[in-house]
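Peer 1: The structure's right below; bear with me while I get my questions together.
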Amino acid sequence: MNKLADSELEKIITLLKQGQLIGLPTETVYGLAADANNITAINKIFAAKTRPQNHPLIVHIPDQHYLREWAYDIPELAYTLVEKFWPGPLTLLLKKHTDINTVVTGGKQTIGLRSPDHPIAQQVLQAFKSGLAAPSANRFCRISSTTAGDVKTELGNKVAYIIDGGSCDVGIESTILDLTQQTPTIVRPGILDAETLSAAINENIIYAEHDIAQTPGNMQTHYAPLTPSHLIEENKTSSLNNNNIAILSFEKPDIVCKKWLKANNNPQQYAHDLYHNLRTLDELNCDAIYISKPPSNESWHAILDRLKRICT
Ligand code: TXA
Ligand code: MG
């Protein structure tokens, strides 16, 4: 479903204006959206996710014309990037506008801004004409939602309404690029990688060291299934000697296990399927999930980042 009927859109805008929470499809993952100017609504997001108050929320805006309402001292670089990549899976960290309450920014003087590339998210934002704070629609530290059904499972009793926008195209969270540092720094890798972004601005872009990153989404355990999960070399899966396990690997392992899912060789498709695959394997309540390591080149960077957080 790619377009909301007028009556549904009207109902959603009314709920948002009342300070209610909405399950919102984006191209990356589903968001738990609320009016970014309404402190009571923002606090509902933190409570629903059981997310600590110092973990800032990304504010979603209709388009680049709204940047100045939320950020100040915006570098020219930001405009070059959004011209090219918005709407899209790129969040920019900028200095926050003085009018913006720090509840939404987790107490920080910076703000994460993004314009999502999903027709329904765009429809809602263009009608709302302001910012929607929307973290991924999952309980704190759990797997992000990539379908409306996942949002229902994760937060069904906490939201006023879930919009069904189908399964998310990208499947993993947006790239977060910090433009408040001397050198633009990726604090959360995503499908838009350093090479691609760097080429667009003709400037060096670096990845943050994990232990110095200021981004709580970069905590070591995140996006995690409940089943203990382990990264393993592809050619080692056959040496596993427990049958009550689940495996996600590129080649079929020649051992008996409870469930095997074939990992896709294409990084885009792998990312698209990743959280859905993890949910499927987690639901089996096996002793463990084994995931074979993808290649370690730039196009798998964001996937490897997520897998390292998922696995011990
Ligand atoms: O793709 C996405 O970005 C999804 C969809 C719904 O847009 N949203 C998402 O939000 O992943 P969330 O809250 O699950 O992750 C946002 C990350 C968090 O790790 C947060 O700490 C970081 O962004 N973040 C947001 N604002 C920040 C700020 N001002 N400074 C540092 N980190 C920030
Ligand atoms: Mg999240």
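Each reported figure results from applying straightforward, stated rules to the coordinates on display, with no laboratory input. Everything numeric in this text was worked out from a predicted model, so none of it was measured. In this analysis, Cβ positions are derived from the backbone assuming ideal geometry, glycine residues included, and neighbour counts consider all displayed protein chains.
Peer 1: Relative contact order, percent, of segment 1-77 when contacts are C-alpha pairs under 8 Å separated by at least 6 residues? Show your work: numbers first, answer last.
Peer 2: Values: 45 pairs, mean separation 11.9, N = 77.
Reported relative contact order: 15 percent.
Peer 1: Among rounded, prolate and oblate, which fits segment 66-201 when a ≥ b ≥ c are the square roots of the eigenvalues of its C-alpha gyration tensor, a/c under 1.5 means rounded, and a/b larger than b/c means prolate?
Peer 2: Note, shape of segment 66-201 comes out prolate.
Peer 1: Which length gain, in nm to one decimal place, applies between S7 and R68 when the Cα-Cα distance is subtracted from 0.36 nm times their residue separation?
Peer 2: Result for the pair: 18.9 nm of gain on full extension.
Peer 1: Would you mind calculating the relative contact order of the chain from Cα pairs under 8 angstrom and at least 6 residues apart, reporting the percent as a whole number?
Peer 2: With pairs under 8 Å counted, the relative contact order is 19 percent.
Peer 1: Along the positive direction of the dipole of segment 43-133 (beta-carbon charges: Lys, Arg +1; Asp, Glu -1; about the Cα centre), which of F128, V103, P75 reaches farthest?
Peer 2: V103
Peer 1: For segment 225-312, state which trypsin sites (Lys or Arg not before Pro) are in a DSSP loop and have at most 10 other beta carbons lying within 10 Å of their beta carbon.
Peer 2: none
Peer 1: At a Förster distance of 45 Å, what's the computed FRET efficiency of K259 paired with I39, Cβ-Cβ distance as r, to 0.05?
Peer 2: Values: r = 45 Å, r/R0 = 0.99.
It comes out at approximately 0.50.
Peer 1: For segment 76-84, in order, what is each residue's ³J(HN,Hα) by Karplus, 6.51 cos²θ - 1.76 cosθ + 1.60 with θ = phi - 60°, in whole Hz (x at glycine and Pro)?
Peer 2: My calculation for segment 76-84 gives 3, 3, 4, 5, 4, 5, 6, 4, 8 Hz in order.
Peer 1: Specify the angular offset, from 0 to 90 degrees and rounded to the nearest 10, of the alpha carbon long axis of helix 301-310 from the longest principal axis of the alpha carbons in the chain.
Peer 2: So the helix axis and the longest Cα principal axis differ by about 70 degrees.
Peer 1: Using helices alone, I'd like the mean residue ellipticity at 222 nm for the chain: each DSSP H run of four-plus residues gives -39500 (n - 2.57), total over residue count, nearest 500.
Peer 2: Value at 222 nm, helices only, nearest 500: -8500 deg cm²/dmol.
Peer 1: Related question: Assuming a ≥ b ≥ c are the square roots of the Cα gyration tensor eigenvalues, decide whether segment 125-277 counts as rounded (a/c under 1.5), prolate (otherwise, with a/b larger than b/c) or oblate.
Peer 2: Oblate is the answer for segment 125-277, as a/c is 1.5 or above yet b/c matches or exceeds a/b.
Peer 1: How far apart, in nanometres, would the label points at S167 and N204 be if each is projected 7 angstrom from Cα along the Cα-to-Cβ direction?
Peer 2: 4.1
Peer 1: Moving on. For segment 28-123, count the residues as N, evaluate 2.2 N^0.38 Å, and divide the Cα radius of gyration by that value, please.
Peer 2: 1.05
Peer 1: Taking segment 215-312, which chymotrypsin sites (Phe, Trp or Tyr not before Pro) meet the DSSP loop condition and have no more than 15 other C-beta atoms within 10 Å? The partial results should precede the final answer.
Peer 2: Values: sites: Y223, F250, W260, Y270, Y275, Y290, W300; in loops: Y223, F250.
When the chymotrypsin sites (Phe, Trp or Tyr not before Pro) of segment 215-312 are filtered for loop state and at most 15 Cβ neighbours within 10 Å, F250 remain.
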